[in-house]
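**Student:** Attaching a single structure in structure tokens format; questions to follow.
Bear in mind these aren't lab numbers, they're just calculated from the coordinates by the rules spelled out. Everything quoted here is computed from the prediction, not taken from an experiment. Ideal geometry is used to build each Cβ from the backbone, glycine not excepted, and the neighbour counts take in all protein chains shown.
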Amino acid sequence: MATTDDDGARASSATAAHLQGTRRANPLRYIPGFIYVLVFFIVGKLIFADPRTTLVQWGEYHLSWVEVLLVGAAMMAMAEQLRVSHAGIDNTIEAILMGAIAGIQVLLFALGAAGVKPLAIFNNTEFLMLTVISVTQAVVAILINARTLRRTIGVGDNG
């Protein structure tokens, strides 16, 4: 007859095997989602002269490209947080890269606001909002990753 300790050990090893088996060997998994948001922002700025021009009209609702981009950025932020929320999986690299993208966005905004001509495209309210979303998302992702790792490490410390 199996004891409770044996059952717990079996469940723990089965969970660990399942989680380790879900790791992807693809190096593209390290690419933060906000790279895509940044690319869409640049393309949108080049295509649309006025960021508030209506892109989609749905009944009484008029959506500009920048509103669609901000909603997409918020959705990307939530998806990025899900990437680092798996207990037992160290996603520190992904979380640090998310922070690096946020740092790059802060730098681009600061240089654009300082009057660097080639970076003037980043000196606007729309990019500031994207940067705020990115920085917030990166900080939360780092905290989520750290807490899930700490909780995973703490589970085995009871013996």
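**Student:** Just need the relative contact order of the stretch 87-149 here, percent rounded to a whole number, with Cα pairs under 8 Å and 6+ apart.
**Tutor:** Normalised by residue count, the contact order of the stretch 87-149 is 50 percent.
**Student:** While we're on this one: So for the stretch 42-151, averaging the separation of alpha carbon pairs under 8 Å that are six or more residues apart and normalising by length, what relative contact order in percent results?
**Tutor:** That works out to 31 percent.
**Student:** Right, here's the next one. Would you give the gap between the C-alpha center of the stretch 22-89 and the C-alpha center of the stretch 104-125, rounded to a whole Å?
**Tutor:** 20
**Student:** When the Karplus curve 6.51 cos²θ - 1.76 cosθ + 1.60 is applied with θ = phi - 60°, which whole-Hz ³J(HN,Hα) does each residue of the stretch 117-134 get, with x for Gly and Pro?
**Tutor:** Residue by residue, the stretch 117-134 yields 3, x, 9, 4, 4, 9, 9, 7, 5, 4, 5, 4, 5, 4, 5, 4, 4, 5 Hz.
**Student:** Please compute the net charge surrounding ILE133, taking Lys and Arg as +1 and Asp and Glu as -1 over other residues with Cβ under 15 Å from its Cβ.
**Tutor:** Once all neighbours under 15 Å are counted, the net charge is -3.
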